[in-house]
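The values are calculated or read from the model by the stated rules, or taken from the named source; none is laboratory data. Predicted model, so just to flag it, every value in this text is computed and none were measured. So basically every Cβ, Gly included, is an ideal-geometry build from the backbone, and we count neighbours across all protein chains shown. Side chains included, ligands, DNA and RNA excluded: accessible areas come from the protein's heavy atoms. Shrake-Rupley method; radii C 1.70, N 1.55, O 1.52, S 1.80 Å.
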Amino acid sequence: MVRHVRTVLQEVNRLLTGLNCGKVLETIALPESATALSMEHGFDLQAFCFHADKEVLREPRVVRVGLIQNSIALPTTAHFIDQKKAIFEKVKPIVDAAGSSGVNILCLQEFWMMPFGFSTREKKWCEFAEPVDGESTEFLRSFALKYNMVIISPILERDMNHGEIIWNTAVVIGNHGNIIGIHRKNHVTRVGDFTESTYYMEGNTGHPVFETEFGKIAINICYGRHHPLNCLTFGLNGAEIVFNPCATVGGLTEAMWPIEARYAAITNSYFVAAINRVGTEIFPNPFTSGDGKPAHTDLGYFYGSSYVSAPDASCTPSLSRNSDGLLITDMDLNLCRQFKDKWCFRMTARYELYAETLAKYVKPDFEPQVIRDPLLHKRSS
């Protein structure tokens, strides 16, 4: 009986997380310094390894990636300076654990440096906005230099050169402490409580891919994961790893969460790292969603569950649903080309066919290509 249950569980795990190069995903042993930090500060720590097939002409291209998920540190009623400082203090040991584990590229969650106040429609949350080279970037620069680590920092940006408007922005900090560049969120959420366009609009940076010492990376911020063409374009620009920093709640997206990053990784032949924040954030004043439901003071539960998916459909188990966490993943980037060669998605994509349809679709006189049954509206005799 026990053997049968074990076999069933193994089969379930195979279906849920896939096989990497025909095998169950391997775990990684981390240094004692990292595990000690995890125990001391109470954050989930997991580590896995994606392999690629051995090649004749190319050496393995292994990069170590880290993802951080966390809850806020103080109530949203606390002074804004205290809130941000407390989050910095909370995240610091997790970043140290990543650095001491040899992480090459680290990504934090969407708006890691503040509560997610963008459903309240109260403009006071704009006070958390900062320039690209502001205090969050300065805080993380020291870690980038100390650990030779590229860090992706999703912030609320105050654009000082263009009327001080606000953007949802990811800052890419190089492993030498320099700012490599930024990406602004392409698709802004307008679903339920998530009325973010009260604060910022769609970004203007396109689909940049950042070539770093450790690989070509892109950032597909939160709601952008629901848009297949958005995911596609990062791939067309050469991304090998796409980071998806999010802030999303259980009642809205949890059923989608295990599917979307995995699907994007498969169809675009790149790795996808999906990061979500944790916990329930209570705001002082009730707000509504325009759905007829009573006013409330929270958006729901941010369910964490960060994970990484590979081009071969394998994926890591998720981090905790309930606690802060650090997920470390070794990935051989050779797997990207290997699955381009295997499935020929680029070669068979017929981009010109879709380009023609899209070019027509964006014009006011577009007519759908629908062939109607000539007998559809005739009465039967």
Worksheet item: Out of (1) in contact (Cβ under 8 Å) with a residue 24 or more places away in the chain; (2) buried (at least 18 other Cβ atoms within 10 Å of the Cβ); (3) among the β-branched types (Val, Ile, Thr), what's the single condition that is false for residue 91?
Response: (1)
Worksheet item: List, please: which pairs have Cβ atoms under 8 Å, are six or more places apart or on different chains, and start with a residue in the range 56-68 that is surrounded by fewer than 17 Cβ atoms within 10 Å (Cβ to Cβ) and end with one that is of a type in the set (Lys, Arg)?
Response: 60/54
Worksheet, complete the sentence: Those residues of the range 147-169 which are among the β-branched types (Val, Ile, Thr) and touching a residue at least 60 places away in the same chain (Cβ under 8 Å) amount to 150, 152
Practice prompt. May I ask you to list pairs of residues, at least six apart or on different chains, whose Cβ atoms are under 7 Å apart, with the first in the range 303-314 being modelled with pLDDT of 95 or more and the second being charged (D, E, K, R) and part of a loop (DSSP other than H, G, I, E, B)?
Written response: 303/254; 303/321; 304/321; 305/321
Discussion item. Suppose we keep only residues that are within 23 Å of the chain's Cα centre (by Cα) and farther than 26 Å from residue 177 by Cα within the range 121-136. Which one would you say is surrounded by the most Cβ atoms within 10 Å (Cβ to Cβ)?
Written reply: 125
Worksheet, complete the sentence: Residues of the range 287-306 being outside any loop (DSSP other than H, G, I, E, B) and surrounded by 24 or more Cβ atoms within 10 Å (Cβ to Cβ), in sequence order, are 302
Discussion item. Quick check on the range 267-286: of everything there that is in contact with an Asp or Glu (Cβ under 8 Å, 6 or more places away or on another chain), open to solvent by 50 Å² or more (accessible area, probe 1.4 Å) and touching a residue at least 60 places away in the same chain (Cβ under 8 Å), which residue is nearest to residue 215 (Cα to Cα)?
Written reply: 282
Discussion item. Can you tell me which residue is farthest from residue 61 (Cα to Cα) among those in the range 214-234 that are surrounded by 24 or more Cβ atoms within 10 Å (Cβ to Cβ) and more than 11 Å from the chain's Cα centre (by Cα)?
Written reply: 231
Practice prompt. Go over the candidates 51, 79, 41 one by one and state the one that is open to solvent by 50 Å² or more (accessible area, probe 1.4 Å) and closer than 19 Å to residue 100 by Cβ.
Written response: 41
Practice prompt. Would you kindly identify the strands (runs of 3 or more DSSP E) lying entirely within the range 137-213 that contain at least 1 residues that are open to solvent by 10 Å² or more (accessible area, probe 1.4 Å) and closer than 16 Å to residue 108 by Cα?
Written response: 179-184
